[in-house]
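Contents: one structure, followed by commentary.
The values are calculated or read from the model by the stated rules, or taken from the named source; none is laboratory data. Please read these numbers as outputs of a predicted model, since none were measured by experiment. Methodologically, a virtual Cβ is constructed for each residue, glycine included, from the backbone with ideal geometry; neighbour enumeration extends over all protein chains shown.
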Amino acid sequence: MTDQASTPPSAAPRPLQIQPPTAASLARGADLLRSGALVAFPTETVYGLGADATSDQAVAAIFAAKGRPHFNPLIVHVPSLAEAQDFADFDARAVALAEQHWPGPLTLVLPRKAGAGLSLLVSAGLDTVAIRVPGHPVAQALLRAARCPVAAPSANRSGAVSPTTPLHVVESLGERVPLVLAGGRCPVGVESTVLDLSGDEPVLLRPGAVLREDMERLLGLPIATVGGDGSESPKKSPGQLLSHYAPAAGVRLNALDVAADEALLAFGPDQLIRGGVTRLNLSPTGDLNEAAANLFAFLRQLDKPAVRAIAVMPIPEAGLGTAINDRLRRAAAPR
């Protein structure tokens, strides 16, 4: 399955620990990754569940821990554009976008370089790879210490709400991961923008904090869009499943009222909406950056046994609101 020999798996998982990102814990995290074990770590978007991207067995452990469908690819994380070019073929478009937005919340889907040594599991058997350079200092420090490309989807059970704090990782994965490197709350709060540059036409596979219109200005050409259709056809990146990011309670979108057994996820002024079990406001001032940072944490807080559904007030379909609404529509999709 790989272009080179796989790293042997580690011994039985150790008890899960949350550790601050000290030199010692980063060194331990790097050792765990090189031994084939899993490590959770913060990025600017969400917490990732990392494994050595060159090892079939290590990457398979991600799928097992998350209960993730094997047709759903993973993103490979590296510390710089130079390292990314070891694993993927970059054309002028990709170089321009990487130089503008890396390190940062942008994933590029590119042709996988022959002989790069990546496990084919990270690409779900496709001849492309989704790759990015994260900007979070803890992620950067871990990647440089590990000295291997790290495959890392969000550090939660598949289909559930993504984690933006270390405790979210513990709540979702328990002892399936031996080490969580704590880096506080993720500042962006929604997963990276994913742009497919493997063909002649650039295609936006997942919206995020790097906006489509900004990329179009840089490239000087339009970017097509594609949405998840819920089928099991080959997917080039994560985040394309129709039902995803879902709390246990139902999700009702564009709510202008709230029922007695619902929780309200508000946006902007919400004084006119009364009732409900409880409520949280993504941003009382209507700030989309604040709303994105709060989204997954607030969905988790409202997802209580007494709550039948989470009623979500309308979010503007503009700027970062496009990414927020994408996650909410997937959270609300049939399970």
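All but one of (1) within 21 Å of the chain's Cα centre (by Cα); (2) at pLDDT below 95; (3) within 20 Å of P163 (Cβ to Cβ) hold for D56; which doesn't? All conditions pass for D56, except number (3).
Taking the stretch 244-293 and the strands (runs of 3 or more DSSP E) fully enclosed by it, the elements with 1 or more residues that are touching a helix residue (DSSP H, G or I) at 6+ places or on another chain (Cβ under 6 Å) and of a type in the set (V, I, T) are at 250-252.
Name, by its number, the condition in (1) assigned to a strand (DSSP E or B); (2) hydrophobic (A, V, I, L, M, F, W, C); (3) within 23 Å of L106 (Cβ to Cβ) that does not hold for V180. Looking at each condition in turn, V180 falls short on (3).
Scanning the stretch 69-124 for residues being in a helix (DSSP H, G or I), touching a Pro at 6+ places or on another chain (Cβ under 7 Å) and aliphatic (A, V, I, L, M) gives a total of 1. The combined condition, being farther than 20 Å from K66 by Cα, among the aliphatic types (A, V, I, L, M), touching a strand residue (DSSP E or B) at 6+ places or on another chain (Cβ under 6 Å) and surrounded by fewer than 19 Cβ atoms within 10 Å (Cβ to Cβ), is not fulfilled by V194.
The residues of the stretch 86-111 that are more than 13 Å from D196 (Cβ to Cβ), touching a helix residue (DSSP H, G or I) at 6+ places or on another chain (Cβ under 9 Å) and crowded, with 18+ Cβ neighbours inside 10 Å, listed by number, are F90, A98, H101, W102, P103.
For the stretch 134-175, a residue qualifies if it is surrounded by fewer than 24 Cβ atoms within 10 Å (Cβ to Cβ), touching a Leu at 6+ places or on another chain (Cβ under 9 Å), in a loop (DSSP other than H, G, I, E, B) and at negative phi, and the qualifying residues are C148, R157, S158. In the set T164, T107, T128, only one residue is within 15 Å of F41 (Cα to Cα), of a type in the set (V, I, T) and in contact (Cβ under 8 Å) with a residue 24 or more places away in the chain; that residue is T164.
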